[in-house]
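For reference, the structure is listed below as structure tokens.
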Amino acid sequence: MSFENDSNKTSAEIDELRKQIKKELKSELLEEIRRELKYEEKSSSTEELSLDLTPETPAPIAPAKSDETVFVSVTSILKIASHAYKYANSSIPKDKWVEVIGLLAGAIDEPEKILYLEDAYPMGHGTTVYAEIKDYKNYVRAYKDIRKKNLFICGWYHSHPSYGLFMSVEDFGTQVRYQKLWNDSIALVIDPYLINGSTYGFKIFRANLKSREWYPIPFSVKGSFDPSLLPELLSFIQPIVHGKSIYLEYDEDQ
Ligand SMILES: [Zn+2]
């Protein structure tokens with residue numbers, strides 16, 4: 001990946017950024033991302049993985065509600081972004097980019113009923129229009145892990161590589177199914193193309209089951225994690241996802 005922002009950064013600033021990255025990224029998390037994405041790669045459906053370029057039809061949108069907020073962990077952001085980026089980045093021809101899909105694991109802070117998105121589980125990748133979880137074995141594995149961590153499935157994520165953050169008619173249908181299981185389920189949509197240093201490249205949505213409209217939900221990121229770090233982090237994680245030694249990359253000093 002090339003850094004489009006590098007031209008206006010001094011080398012001292014880049015050094016400082018790299019130091020921050022090393023501080024943020026624990027090797028256990030890197031290993032977890034590598035292992036989970038390897039598993040997802042093997043267990044994904046083998047259907048034709050070509051990007052359907054017909055744009056998805058957006059579902060009707062309602063105004064945002066400000067009384068709902070979700071807190072998102074840095075771990076979730078890194079896992080979801082790494083997954084989306086693995087199948088849609090500058091080393092892959094754009095017409096070969098595909099969507100990814102996964103589960104979101106969260107916890108509820110009881111008195112205030114605030115949802116904390118704590119973790120994410122990559123489940124598959126494939127054609128754009130019907131991004132669905134097809135691998136039951138991988139699902140069960142994730143479900144057990146989520147229970148073990150005292151979390152619960154609070155929604156799903158999928159990517160829209162280069163076509164923006166919204167809910168399509170199909171996405172709306174999927175979200176309705178999640179909200180029928182748990183009414184406060186969330187849908188996170190990420191476009192890795194939008195991860196440019198100024199945004200996290202994702203939005204979170206819920207559906208209004210009565211009006212059959214979707215609306216965005218405000219979110220905050222837990223801890224100090226600036227979106228300007230994300231492109232650098234992803235390019236740092238990517239070789240690890242593709243099997244390079246963590247420690248070689250991790251200690252690289254340049
Ligand atoms: Zn979609």
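The values are calculated or read from the model by the stated rules, or taken from the named source; none is laboratory data. These figures come from a predicted structure and were not determined experimentally. Note: ideal-geometry Cβ built from the backbone for every residue, glycine included; neighbour counts use all protein chains shown. For accessibility, only protein heavy atoms count, side chains too; no ligands or nucleic acids. Shrake-Rupley method; radii C 1.70, N 1.55, O 1.52, S 1.80 Å.
Candidates in region 157-166 are the residues that are part of a loop (DSSP other than H, G, I, E, B) and open to solvent by less than 10 Å² (accessible area, probe 1.4 Å); of these, the one that is nearest to the ligand (Cβ to nearest atom) is His160.
For region 189-234, filtering for residues that are in a loop (DSSP other than H, G, I, E, B), among the β-branched types (Val, Ile, Thr) and open to solvent by less than 40 Å² (accessible area, probe 1.4 Å) leaves 1. If you go through region 62-103 and keep only what is part of a helix (DSSP H, G or I), more than 19 Å from Ser220 (Cα to Cα) and free of Cβ contacts under 8 Å to residues at least 60 places away in the same chain, you end up with Asp95, Lys96. Looking at Val129, Val169, just one residue is within 11 Å of the ligand (Cβ to nearest atom), touching a helix residue (DSSP H, G or I) at 6+ places or on another chain (Cβ under 7 Å) and either modelled with pLDDT under 95 or open to solvent by 40 Å² or more (accessible area, probe 1.4 Å) (or both), and that residue is Val129. Just wondering, is there one or more residues in region 139-156 that are within 16 Å of the ligand (Cβ to nearest atom), touching a residue at least 24 places away in the same chain (Cβ under 8 Å) and either farther than 18 Å from Ile80 by Cα or open to solvent by less than 50 Å² (accessible area, probe 1.4 Å) (or both)? Yes, the conditions are met somewhere in region 139-156. Scoring Val189 on the criteria (1) without any contact (Cβ under 8 Å) to a residue 40 or more places away in the chain; (2) among the β-branched types (Val, Ile, Thr); (3) more than 11 Å from the ligand (Cβ to nearest atom) leaves a single failure, condition (3).
Of the listed requirements (1) at pLDDT 90 or above; (2) away from the ligand (no atom under 16 Å from the Cβ), Glu47 misses just one: (1).
Being over 21 Å from Asp184 (Cβ atoms), open to solvent by 20 Å² or more (accessible area, probe 1.4 Å) and within 16 Å of the ligand (Cβ to nearest atom) is a condition met by no residue of region 75-86.
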